[in-house]
Amino acid sequence: MLLFLAFCALVLGTSLAVPQQQQKEECCHAELQSLIERQDYLTKQMKSLETAFYTVHHARSFGSGSESLFVTNGHEGNFDTANSTCAQAKGFIPSPANEAENNALMKTLQRHNKEAYLSHVSAGYSNWAPGEPSSAKGAESCVKIDDDDGKWRTTSCEEQLLITCEFSFV
């Protein structure tokens with residue numbers, strides 16, 4: 001009889017464990033399905049954001065003819081301040097590589113009626129004002145772009161100019 005009771009307990013325990021295991025599997029399957037649906041949703045959201053980003057980028061590039069975006073925070077500073085501000089924003093001091101980029105930068109500056117620093121001058125493009133570059137004044141070792149005509153002029157690196165950064169997308 002004791003052996004029969006032990007056998008019954010074993011059978012009963014096994015039959016109780018099977019539904020619990022089945023419930024765990026069903027629960028895990030439901031959680032996995034939920035995660036798959038969430039991943040699909042997030043993938044669609046990322047694709048939508050990517051499309052929106054490139055739409056804006058292409059529209060800005062089409063309007064300015066530039067693959068760069070020129071942005072200002074509205075503050076002024078010397079060259080070192082502008083350089084560190086742009087670096088913190090993951091950008092850099094503008095360096096127009098062609099006329100379209102120079103014009104796009106000039107339009108940004110015209111909205112603020114201020115000049116800005118330029119970084120290294122491209123070997124393939126320049127827009128120096130007549131008589132520039134000039135080092136006759138001694139302390140001049142930086143370059144700025146004029147907001148009126150987009151011409152480049154040498155200037156002191158301590159001059160307080162509009163902090164403007166360039167961001168490239170390509």
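Restricting attention to the stretch 86-132, the residues that are in a strand (DSSP E or B) and free of Cβ contacts under 8 Å to residues at least 60 places away in the same chain total 4.
Determine if the stretch 21-33 includes at least one residue that is at pLDDT 70 or above and in a strand (DSSP E or B). Checking the stretch 21-33: not a single residue is at pLDDT 70 or above and in a strand (DSSP E or B).
Applying the set (1) crowded, with 18+ Cβ neighbours inside 10 Å; (2) in contact (Cβ under 8 Å) with a residue 60 or more places away in the chain; (3) touching a Leu at 6+ places or on another chain (Cβ under 9 Å) to Leu69 leaves exactly one unmet item: (3). Which of (1) closer than 17 Å to Thr164 by Cα; (2) modelled with pLDDT under 90; (3) out of contact with any strand residue (DSSP E or B) (no Cβ under 8 Å at 6 or more places or on another chain) does His58 not meet, given it meets every other one? The single condition His58 does not satisfy is (1).
The values are calculated or read from the model by the stated rules, or taken from the named source; none is laboratory data. Bear in mind the structure is a predicted one, so any value in this text is a computation, not a measurement. Neighbour counts are summed over all protein chains in view; Cβ atoms, including those assigned to glycine, are modelled from backbone coordinates with ideal geometry.
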